[in-house]
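Notes follow the structure.
The values are calculated or read from the model by the stated rules, or taken from the named source; none is laboratory data. Because the structure is predicted, anything quoted here is derived from the model rather than measured. Note that each Cβ is placed from the backbone with ideal geometry, even for glycine, and that neighbours are counted across all protein chains shown. To get the accessible areas, we keep the full protein, side chains included, count just its heavy atoms, and leave off ligands, DNA and RNA. Shrake-Rupley method; radii C 1.70, N 1.55, O 1.52, S 1.80 Å.
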Amino acid sequence: SVRGRMLNSLIPFQRLLPAMKASVFRHGMNLWPPYLFAGIHVTAISDDYRHIRVELRQRFWNVNYVRTHFGGNLFSMTDPFWMLSLLHNLGAKYFVWDKAGSIEFIKPGKGVVFTEFKLDQAMIDQLTAQAAGGEKVLHWFENEILDARGDVVARVRKQVYIRLKPDQR
């Protein structure tokens, strides 16, 4: 369909992602200016993209007026990773988009804070089964951002859109 071709042309990088080694992708993300200057650092991506760890390092240039992490940086450190993990694990037959997100601030973030993304086979199976008929699937993922002591700094929810591409339905 015309709509399907238009959507496909909007995301040409999506075709490249499944072939990209996780280590190369990690280095690229760490050099990406919005992450580099915000102090966001991807510390680990497993070869199968099912485990990702991201840190936000506090620097003099990325703190707010009260010397804690900007809330926007806390949210940014979670932004693309559920989508990217799913893109690599579902394959090129699917559209995968971030749809919505929210953050709840629990306590001020100071020093190094981190979060992890863990995608297991059961979740992949569940999502592919829900999308098998060609319907859109909207799934909420949750992360906690923790400080060095393991205290929760923020809770983030991300909704991801998944759907088989038109030629796969």
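Results, tabulated for the structure shown:
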| read-out | value |
| --- | --- |
| Qualifying residue in segment 63-78 (condition: assigned to a helix (DSSP H, G or I), out of contact with any Cys (no Cβ under 6 Å at 6 or more places or on another chain), open to solvent by less than 40 Å² (accessible area, probe 1.4 Å) and of a type in the set (Phe, Trp, Tyr)) | no |
| Residue list for segment 42-57, restricted to those being touching a helix residue (DSSP H, G or I) at 6+ places or on another chain (Cβ under 6 Å), open to solvent by less than 70 Å² (accessible area, probe 1.4 Å) and free of Cβ contacts under 8 Å to residues at least 40 places away in the same chain | Val42, Ile45 |
| Leading residue by the ranking (nearest to Val153 (Cα to Cα)) among those in segment 50-67 that are touching a strand residue (DSSP E or B) at 6+ places or on another chain (Cβ under 9 Å) and not charged (D, E, K, R) | Leu56 |
| Options Asp147, Asp125, Asp120: the member that is of a type in the set (Asp, Glu) and free of Cβ contacts under 8 Å to residues at least 12 places away in the same chain | Asp125 |
| Selection status of Val54, in contact with a Leu (Cβ under 6 Å, 6 or more places away or on another chain), under 15 Å from Leu119 (Cβ atoms) and at pLDDT 95 or above | no |
| Sole exception among (1) of a type in the set (Phe, Trp, Tyr); (2) open to solvent by 60 Å² or more (accessible area, probe 1.4 Å); (3) at pLDDT 95 or above for Phe60, by number | (3) |
| Residue match in segment 113-125 (condition: farther than 22 Å from Arg50 by Cα and in contact with a strand residue (DSSP E or B) (Cβ under 7 Å, 6 or more places away or on another chain)) | no |
| Residue count for segment 64-92, restricted to those that are out of contact with any Ser or Thr (no Cβ under 8 Å at 6 or more places or on another chain) and under 17 Å from Phe37 (Cβ atoms) | 11 |
| Residue within segment 82-92 that is exposed (fewer than 15 other Cβ atoms within 10 Å of the Cβ), modelled with pLDDT under 95 and either of a type in the set (A, V, I, L, M) or not in a helix (DSSP H, G or I) (or both) present | yes |
